[in-house]
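The block underneath contains the structure these notes are about, expressed in structure tokens.
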Amino acid sequence: MGYEDIYNGWKADPEGFWMEAAKGIDWVKPPSKALFADKAPFYEWFNDAEVNTCFNAVDRHVNAGHGDRVAIIYDSPITGAKSETTFGELLDQVARLGGALQARGVGKGDRVIIYMPMVPEALVAMLACARIGAIHSVVFGGFAANELATRIDDATPKAIIAGSCGVEPGRVVAYKPLLDGAIELAIHKPDFCVILQRDMETASLREGYDFEWNAFQADAPLAECVAVKGNDPVYVLYTSGTTGQPKGVIRPTAGHLVALNWTMKNVYDIEPGEVFWAASDVGWVVGHSYICYAPLIQGSTTIVFEGKPVGTPDAGTFWRVIEEHNVKALFTAPTAFRAIKRVDPKGELLKNYDLSCMKTLFLAGERADPDTIHWAEDHLGIPVIDHWWQTETGWAIAANPMGIEHLPVKVGSPSVAMPGYDVQILDDAGHQLPAGELGAIVVKLPLPPGTLPTLWNADDRYLSSYLSAFDGFYETGDAGYVDEDGYLYIMARTDDVINVAGHRLSTGGMEEVLAGHPDVAECAVIGVADKLKGQVPLGFLCLNSGAGRDAADVVAECVRLMREKIGPVAAFKLAVVVDRLPKTRSGKILRGTMVSIADGKTYKMPATIDDPVILDEIAEALSQLGYPG
Ligand code: COA
Ligand code: AMP
């Protein structure tokens, strides 16, 4: 069956489609039906089932005789470390850590924050939590103490599992001081911490509160898998919204298992036992779904890569990893390829490697620009597949389903809607737009299994953020259009979210930080186009009158403040002091117009603008920073 038959088959009988997909999962108690709509618009999938995520990702493969198959390949060009963990070894590790957590009082429904670098123990920690029914929340290592504290207060974890450090090219990032700082800042205090000591940095431990990873579990009993209900959360992952308060996206256990398992063959064309590499970080949704869960649930091999596409040690690192570990498909963000292309434009380093094992390159996380796609196609000689999704969905909304049918690629489009997603383009009044017309991209409710049922502790915010704009639809926050063949084009965000090197960041959150500077009276942050990172943030600062400060000093302080409050991942390095911000007569800052000026795009003078002259001042300030570039 081709894509169209499968998609139409789902549309005709969604219940039948998902119950069939559910056969790929080992249930403690199988679901009697797929969709539970009694609490609509809070939909639940497979809710009367009982199941365990870790059992499906680990135990069942060992039980099926695949204990010797490699589950995790760890490759760290930054530290030189490499290792392999079989499913049998992984079972022992997750059962032991799970048992130790249980012995310290962590149980079903309790939260555990994981703040770890790209080491296999990060996956062990996630799976150990899932094993005992605890809900993990992984926090990306590039976030500062303040961001970690916000998540501690929202998730109220019983425990935190952290690494002593992360390793960035040229520097060791000590995590423990950040962790201690976050606990200090947070109102909620976790009961204890477990610290993985790495060779590069030994964290100081507080007696009776911080436990060293190995000692913590040395004598622990092995934990059995704890069955949870279908809609119980397996994890909460925080993502950026319009404000500095991140949204806790809940991942429901059963739908997550069913959907991810379905995608491995159908979207990525991977069979159990093959090697799948998602070059991302466990702190992001790509890392959750495709470094940790999906490959392991399917019984394939995943790669934990602690390095960068360039500079660790060179722009051939990706090719080395692919050849050495027999990678069948690589999934990364376009920015990684832009980084490689910039350093090695002719692809000279590719000639040193045999990449015949690699069949497909998948890109997601940000818009895949045609130059990057063509460069990858020309140099790799394999299909380059853009696909579109978000933290909220956990798996592809639109893709070219390589395991079903390799549809013609249209560069600039992540192809077509996946089964489960009825994607529509609406105008502001909620009317469906014809092919080719730009509008809000929405998905008809219910969203499919595995997507967010609501936000952690924030049902109202879930409704107001996603369901209130268009009755009966989930608002993706992206704008775009569909062509006559049903191919989607994702053009821009409709909110204050920007995408920096594939990392999702909130300009609203950054403005809150800048507003906290004592000399800043008013500010705005916009995302401007960047050749490497897709977008980078740029701040406009209006200073308090009489502050008497040197503009350059305030800018430098603001850059430091952002790094301290949000973290290096914000990549906030550009700011400029201006007298006034352009606004509408009702006082709304015209950020979109400023973006157009910075990117050198033509724009219409907003009819409601208060004082058009301010736009000239903004253009002048931007030109001093070299924009448009
Ligand atoms: N812990 C601590 N700091 C981190 C970090 C982590 N896990 N990840 C990134 N940072 C730091 C970086 O060191 C950098 O610090 P600096 O300002 O001192 O240089 C800063 O955060 C910004 O990081 P980034 O935007 O990633 O820029 P970069 O210059 O380090 O790397 C790329 C640029 C394109 C090479 C890199 O972004 C990349 O490999 N991207 C791949 C795509 C990807 O992983 N996307 C995730 C979603 S799929
Ligand atoms: P995140 O939640 O971090 O995965 O970010 C999701 C957002 O990234 C989406 O809402 C889009 O704005 C953007 N995005 C992800 N994938 C793509 C893609 N293939 N093309 C264009 N934008 C994308």
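Structure notes:
- With eigenvalues of the C-alpha gyration tensor scaled by 5 and rooted, segment 540-611, Å: 26, 17, 11
- Rounded percent of accessible protein surface that carbon and sulfur make up, segment 129-183, 1.4 Å probe: 54 percent
- Long-range Cα-Cα pairs in the chain (distance over 47 Å), rounded percent: 12 percent
- Taking 1.567 mPa s as the viscosity and 4 °C as the temperature, the Stokes-Einstein diffusion coefficient of segment 403-487 based on its alpha-carbon Kirkwood radius rounds to 92 µm²/s.
- A cut-off under 14 angstrom between Cβ atoms defines the neighbours of T360, and their net charge, with Lys, Arg +1 and Asp, Glu -1, is -3.
- Of the two radii for segment 474-618, the radius of gyration is 1.00 times the Kirkwood radius, both from the alpha carbons; that is the Rg over Rh value.
- q = 0.10, 0.11 Å⁻¹: log10 I(q)/I(0) that the Debye formula gives for segment 142-299, counting C-alpha atoms only: -0.47, -0.57
- Of all DSSP beta bridges in segment 205-360, antiparallel share, percent nearest 5: 45 percent
- Only helices enter this figure: runs of n ≥ 4 DSSP H residues, each worth -39500 (n - 2.57), summed and divided by the residues of the chain, yield -8000 deg cm²/dmol at 222 nm to the nearest 500.
- Whole-Å distance, taken between Cα centres, linking segment 98-124 and segment 500-536: 33 Å
- The convex hull built on the alpha-carbon positions of segment 312-404 has an orientation-averaged projected area of 6.3 nm².
- Along principal axes, Cα extents of segment 445-540, largest first, whole Å: 48, 36, 21
- Charge dipole magnitude, Cβ of K and R +1, D and E -1 - segment 510-629, Cα centre, debye nearest 20: 480 debye
- When the charge dipole of the chain is built from unit charges on Cβ atoms (+1 for Lys and Arg, -1 for Asp and Glu) and taken about the Cα centre, the candidate among M200, I303, A122 whose Cα reaches farthest toward its positive end is M200.
- Values of log10 I(q)/I(0), in the order q = 0.13, 0.20 Å⁻¹, for segment 18-125 under a Debye, Cα-only, solvent-free model: -0.69, -1.15
- Centre separation in Å (Cα based) which lies between segment 325-363 and segment 549-597: 36 Å
- Positive dipole terminus of the chain, leading residue within P334, V559, A49 (C-beta point charges): V559
- Rh (Kirkwood; distinct C-alpha pairs) - segment 115-170, Å: 12.1 Å
- Rounded to the nearest 20 debye, dipole of the chain from Cβ charges on Lys, Arg, Asp, Glu: 520 debye
The values are calculated or read from the model by the stated rules, or taken from the named source; none is laboratory data. Just so we're clear, the structure is a prediction, and the values are computed from it rather than from any experiment. Cβ atoms come from the backbone with ideal geometry, glycine included; neighbour counts cover every protein chain shown. Heavy atoms of the whole protein, side chains included, go into the accessibility calculation; ligands, DNA and RNA do not. Shrake-Rupley method; radii C 1.70, N 1.55, O 1.52, S 1.80 Å.
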